[in-house]
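Novice: Take this structure, written in structure tokens, and hold onto it; I'll ask about it next.
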Amino acid sequence: MTALTALSVASEIYPLVKTGGLADVAGALPGALAAHGVSMRSLVPGYPAVLRALSVSEEAHRFADLFGGPARVLVGEGAGLLLFVLDAPHLYERPGGPYAGPDGTDWPDNARRFAALGWVAAELGRGVVPGFAPDLVHAHDWQAGLAPAYLHYGQERRPGTVMTVHNLAFQGQFPAYLLGTLRLPPASYGVDGVEYYGAIGFLKAGLRLADRISTVSPTYADEICTPAGGMGLGGLLRTRAGALTGILNGIDEAVWNPATDPHLARTFDAADIAARAVNKATLQARLGLVADAEAPLFGVISRLAWQKGMDLLLDALPTLLAEGGQLALLGAGEPNLEHGFRAAALAHPGRVGIGVGYDEPLAHLIQGGSDALLVPSRFEPCGLTQLCALRYGALPVVARVGGLADTVIDANEMALAAGVATGFQFAPVTREALEAAIRRAVRLWQDRAAWRLAQRNAMATEVGWERPAGRYAGLYATISNRNRRA
Ligand code: ADP
């Protein structure tokens, strides 16, 4: 196997900075790729939390003016990751999240902040740091979308490029007048370049100009080529279908391991599934639910957003309760949904328990203590919570979309007869179909032997990074050095 060197570019990386699944992928992939002969370094913005986490670092390169101020590339290590950190105080030294200030409003200069990330990725790709000449640059999501563009329009050495879409809903669109400010050549402003509906599209640019495109599940790769799923980019993606592939995400099996999880009241494994009962009782107590081992306990860990179908869940709640179920929900997001679930908890004390906010320990306890995990997403590029649920023996009840369709084996009659079911799928994504799936789950719950078999199947599902990392390594091998010009 030939050794490859790759540069990953992402605006978040677990455990240093995370708002969603992108961070998990960016954090896990470098380690998993090592076994496949790929040496990967990651470029991330120097947010305060990232700079604080750097244990050792040294300056690898300096920019006198990077989109409005001086900047440095630091090379170092943080939380076990080999990082290039873009230390640009005028862009990243701020309170709040990676994209928005403390009040939740997007930073007005996000075009510049993430153009800078792409620009520096391209510079590193060209070999500006002595001793580091990557074979390819792997850009994640719109924040890194200009990296393939800068490489494409540059004149020097060009490594191969991969653009990965984690969620097509976030596209990074900015006014056309910024073209010069963002150091994009006039010729780039066209349908075959960065232009997107009269603006500059960061994700569009990456999808148009990268050598290869990937997204995070085979089904989502198909969905984003349709008019409905393409969110404005379907036409472009259809023309590039030959360069597009879907590779499922894995989960970090060290962080999500029911046999060692410090957040569980009781650790367990597939040989000792009955021990989950202790976690169920602890979860019920923690969220004020009635201590009832027999009630099927449905868990949810989710952003509270339209994408996640949380309004459908509120609509289906009467059915879930009528079936004798309980709900343990952890989430944060849209105020009207937060309000809806708070009201439901007040209306059904002991039956609906909620945690509002971001709470990793509680997320682990829900995985280890719920009987089933509900994921009624309207679209879901891959989804991570259902993968964790499989590993923890909480049977996923999922909408048949995107990565949810690719990872859960529905407990239909044939799958049950063959003894391979791992959860429940429903389609279309409606209240009625969700209610029907909840009823099916409760029926299976009543047949404890069948439920236990499905739990064992779920826990045996391969959900780690081994297989996906092999697929990425294969993808990289198709483009490495292809475009080397110097
Ligand atoms: P998305 O990235 O669209 O939010 P994913 O399922 O891909 O959805 O990833 C969500 C990740 O964030 C999972 O690791 C999940 O456990 C975690 N998560 C989501 N909401 C919360 C929360 N309120 N508290 C703790 N962890 C959460």
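Novice: What pairs come out if I take residues in the range 345-358 that are touching a residue at least 60 places away in the same chain (Cβ under 8 Å) and of a type in the set (Asp, Glu) and pair them with residues that are away from the ligand (no atom under 16 Å from the Cβ) and part of a strand (DSSP E or B) whose C-beta lies under 8 Å away, six or more apart or interchain?
Specialist: Here the result reads none, with nothing in the range 345-358 linked to a residue that is away from the ligand (no atom under 16 Å from the Cβ) and part of a strand (DSSP E or B).
Novice: State all residues of the range 252-274 that are assigned to a helix (DSSP H, G or I) and of a type in the set (A, V, I, L, M, F, W, C); if no residue qualifies, say none. Before the answer, list the steps.
Specialist: Kept after step one, since they are assigned to a helix (DSSP H, G or I), are these residues of the range 252-274: 270-274.
Hits for the range 252-274 are ALA270, ALA271, ILE273, ALA274.
Novice: Further question: Tally time: how many residues in the range 43-82 are farther than 18 Å from ALA23 by Cβ and among the aromatic types (Phe, Trp, Tyr)?
Specialist: Just the residues of the range 43-82 that are farther than 18 Å from ALA23 by Cβ, to begin with: 55-76.
Still in the running and among the aromatic types (Phe, Trp, Tyr): 63, 67.
The qualifying residues number 2.
Novice: If I go through the range 111-154 residue by residue, how many of them are of a type outside the set (A, V, I, L, M, F, W, C) and free of Cβ contacts under 8 Å to residues at least 60 places away in the same chain? Write out each step before concluding.
Specialist: Here is the first cut: in the range 111-154, the residues of a type outside the set (A, V, I, L, M, F, W, C) are 112-113, 118, 123, 125-127, 130-131, 134-135, 138, 140-141, 143, 145, 148, 150, 152-154.
Still in the running and free of Cβ contacts under 8 Å to residues at least 60 places away in the same chain: 126-127, 130-131, 150, 152-154.
The qualifying residues number 8.
Novice: Here's another thing I want to ask about it. Only one of PRO318, PRO376, PRO396 is closer than 21 Å to VAL442 by Cα and free of Cβ contacts under 8 Å to residues at least 12 places away in the same chain; which?
Specialist: On the way: PRO376 fails: free of Cβ contacts under 8 Å to residues at least 12 places away in the same chain; PRO396 fails: free of Cβ contacts under 8 Å to residues at least 12 places away in the same chain.
Of PRO318, PRO376, PRO396, the one residue that is closer than 21 Å to VAL442 by Cα and free of Cβ contacts under 8 Å to residues at least 12 places away in the same chain is PRO318.
Novice: One residue is enough: does the range 254-265 have a residue meeting the conditions farther than 19 Å from GLU462 by Cβ, crowded, with 16+ Cβ neighbours inside 10 Å and more than 16 Å from the ligand (Cβ to nearest atom)?
Specialist: Checked the range 254-265: at least one residue is farther than 19 Å from GLU462 by Cβ, crowded, with 16+ Cβ neighbours inside 10 Å and more than 16 Å from the ligand (Cβ to nearest atom).
Novice: Quick one: which helices (runs of 4 or more DSSP H) sit completely within the range 157-251 and have at least 1 residues that are away from the ligand (no atom under 16 Å from the Cβ) and under 15 Å from LEU22 (Cβ atoms)?
Specialist: Numbers: elements: 202-209, 218-223, 234-239.
Per the criteria, 202-209.
Novice: Would you check which residues across the range 381-436 are open to solvent by less than 10 Å² (accessible area, probe 1.4 Å), within 21 Å of ILE251 (Cα to Cα), in a helix (DSSP H, G or I) and away from the ligand (no atom under 12 Å from the Cβ) and list them?
Specialist: LEU390
Novice: Let me ask something else about it. Restricting to the range 49-66, name every residue that is in contact (Cβ under 8 Å) with a residue 12 or more places away in the chain, within 16 Å of GLY118 (Cα to Cα) and surrounded by fewer than 20 Cβ atoms within 10 Å (Cβ to Cβ). Explain how you work it out, then say what you get.
Specialist: Narrowing the range 49-66 to residues in contact (Cβ under 8 Å) with a residue 12 or more places away in the chain: 49-51, 53-61, 63, 66.
Restricting the remaining residues to those that are within 16 Å of GLY118 (Cα to Cα) gives 61, 63, 66.
Those that are in contact (Cβ under 8 Å) with a residue 12 or more places away in the chain, within 16 Å of GLY118 (Cα to Cα) and surrounded by fewer than 20 Cβ atoms within 10 Å (Cβ to Cβ): HIS61, PHE63.
Rundown of residues vs (1) charged (D, E, K, R); (2) buried (at least 20 other Cβ atoms within 10 Å of the Cβ); (3) within 15 Å of the ligand (Cβ to nearest atom), yes/no style:
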| residue | (1), (2), (3) |
| --- | --- |
| GLY331 | no, yes, yes |
| LEU337 | no, yes, yes |
| GLY340 | no, no, no |
| GLY350 | no, no, no |
| ASP359 | yes, no, yes |
| ILE366 | no, yes, yes |
| SER370 | no, yes, yes |
| VAL375 | no, yes, yes |
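Novice: Name the one entry in GLY353, GLY324, GLY340 that is closer than 26 Å to ASN167 by Cβ and of a type in the set (Gly, Ala, Ser).
Specialist: On the way: GLY353 fails: closer than 26 Å to ASN167 by Cβ; GLY324 fails: closer than 26 Å to ASN167 by Cβ.
When all the criteria are applied, what remains is GLY340.
Rundown of residues vs (1) modelled with pLDDT of 95 or more; (2) open to solvent by less than 10 Å² (accessible area, probe 1.4 Å); (3) not aliphatic (A, V, I, L, M), yes/no style:
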site: ALA210; (1), (2), (3): yes, yes, no
site: ILE213; (1), (2), (3): yes, yes, no
site: THR219; (1), (2), (3): yes, no, yes
site: LEU248; (1), (2), (3): yes, no, no
site: ALA271; (1), (2), (3): yes, no, no
site: ALA277; (1), (2), (3): yes, no, no
site: PHE298; (1), (2), (3): yes, yes, yes
site: GLY309; (1), (2), (3): yes, yes, yes
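Novice: While we're looking at this one, here's another question. Would you mind telling me which numbered condition in (1) open to solvent by 20 Å² or more (accessible area, probe 1.4 Å); (2) assigned to a strand (DSSP E or B) ARG443 fails?
Specialist: (2)
Novice: Being assigned to a loop (DSSP other than H, G, I, E, B) and open to solvent by 60 Å² or more (accessible area, probe 1.4 Å) is the filter; apply it to the range 15-38 and report the residue that is nearest to ILE247 (Cα to Cα).
Specialist: Step one: of the range 15-38, the residues assigned to a loop (DSSP other than H, G, I, E, B) are 15-16, 18-20, 35-37.
Adding the requirement that they be open to solvent by 60 Å² or more (accessible area, probe 1.4 Å) leaves 15, 18-19, 35.
Working: PRO15: 22, LYS18: 21, THR19: 21, ALA35: 17 Å.
My answer is ALA35.
Novice: Considering only the range 1-48, how many residues are touching a residue at least 24 places away in the same chain (Cβ under 8 Å) and more than 16 Å from the ligand (Cβ to nearest atom)?
Specialist: So the first thing to find is which residues in the range 1-48 are touching a residue at least 24 places away in the same chain (Cβ under 8 Å), and the list is 1-17, 19-22, 24-33, 35-48.
Those still in the list that are more than 16 Å from the ligand (Cβ to nearest atom) too: 1-9, 30-33, 35-48.
Looking only at that region, the number is 27.
Novice: For the range 446-480, which positions are at pLDDT 95 or above, outside any helix (DSSP H, G or I) and open to solvent by less than 40 Å² (accessible area, probe 1.4 Å)?
Specialist: VAL463, GLY464, TRP465, listed by residue number.
Novice: Which residues, counting only those in the range 128-170, are within 19 Å of GLY246 (Cβ to Cβ) and either hydroxyl-bearing (Ser, Thr, Tyr) or surrounded by fewer than 21 Cβ atoms within 10 Å (Cβ to Cβ) (or both)?
Specialist: Matches in the range 128-170: THR161, THR164, ALA169, PHE170.
Novice: Out of the range 1-14, which residues are part of a loop (DSSP other than H, G, I, E, B), over 23 Å from GLY464 (Cβ atoms) and at pLDDT 95 or above?
Specialist: As a first pass, look at the range 1-14 and keep what is part of a loop (DSSP other than H, G, I, E, B): 1-3, 10-12, 14.
When the remaining residues are screened for being over 23 Å from GLY464 (Cβ atoms), the result is 2, 11.
The answer is SER11, and nothing else.
Novice: Of these, ASP315, ASP292, which one is of a type outside the set (S, T, N, Q), assigned to a helix (DSSP H, G or I) and open to solvent by 50 Å² or more (accessible area, probe 1.4 Å)?
Specialist: Result: ASP315 is the single residue among ASP315, ASP292 that is of a type outside the set (S, T, N, Q), assigned to a helix (DSSP H, G or I) and open to solvent by 50 Å² or more (accessible area, probe 1.4 Å).
The values are calculated or read from the model by the stated rules, or taken from the named source; none is laboratory data. None of these values were measured; they are calculated from a predicted model. Neighbour counts are summed over all protein chains in view; Cβ atoms, including those assigned to glycine, are modelled from backbone coordinates with ideal geometry. For the accessible areas, the whole protein counts, side chains as well, though only heavy atoms, and no ligand, DNA or RNA atoms are used. Shrake-Rupley method; radii C 1.70, N 1.55, O 1.52, S 1.80 Å.
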